[in-house]
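Taking it in order: structure first as structure tokens, then the write-up.
Rule-based calculations on the coordinates, nothing more; no lab input. What you see is a predicted model; the values in this text were computed from it and never measured. Reconstructed Cβ throughout: ideal geometry from the backbone, glycine too, with neighbour counts over all protein chains shown.
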Amino acid sequence: MRHSDESSPLIPDRSTALRAGLAAAPRPRAPLWANLTATFFGIGQMRPGPGTWASAATMLLWAALAHTLQPAVRTPVLLALAVIITLIGIPAATQVARASTRKDPGFVVIDEVAGQLISLIAVPLAWKTFLAGFILFRVFDILKPPPVRQMERLPEGTGIVLDDVAAGIYALAVMQLLLRLGLLR
């Protein structure tokens, strides 16, 4: 006999069992390519400050690569790298954020890679300019002046990555100003 009363002992409450089953179900995992990309091959797992570690690694890798390139191709190569990393980083960050159920997981650092590269566009290969680029990018990434903070509100990987791209653009603008004023060489 079926009663319409939900509290009836004759009709079992399936919602509790359903919720328990959903809670116990394993979360979907992000694909390996997305995890490797989003964490910049595991650098995002480093502590403390995974974003700072990713920025430092990016600087070292770019310095090593840039020294192997002819000066005339460094800027186009860096621009291409920044665009490619941004375009691949957005879907990777989206998939990893979804799998982690966090809006912007701290271990997703591909955004720092893109932003740090942008800060170094058309910058001379010198320790002073690299140090300035590193500091400027980290400052703008942490302080998030407008519209950097607003970029975080964009959905999923787009917001995760584009706020750091915007911070990188701010750092690039200040870096180019310092270079043009002769304060850096």
Quick one: if you stick a label point 7 Å off each Cα along the C-beta vector at residue 68 and residue 180, how many nm between them? 3.4
Charge context of residue 167, other residues only, Cβ under 14 angstrom, K/R +1, D/E -1: -4
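Quick one, could you list the DSSP H helices from the chain stretching 30 Å or more along their long axis (Cα atoms) with average Kyte-Doolittle hydropathy of 0.0 or above?
Working: long enough: 71-100 (42 Å, 1.40); 156-180 (37 Å, 1.12).
Helices meeting the criterion: 71-100, 156-180.
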Given points 7 Å out from each Cα along the Cα-Cβ axis, report the residue 32 to residue 139 separation in nanometres with one decimal. 4.2
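Let me have the relative contact order for the chain, percent, based on Cα pairs under 8 Å that are six or more residues apart. The partial results should precede the final answer.
On the way: 242 pairs, mean separation 43.6, N = 185.
Averaging sequence separation for qualifying contacts and normalising by length gives 24 percent for the chain.
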Could you compute the net charge surrounding residue 89? Neighbours are other residues with a C-beta less than 11 Å from the C-beta of residue 89; K and R count +1, D and E count -1. -3
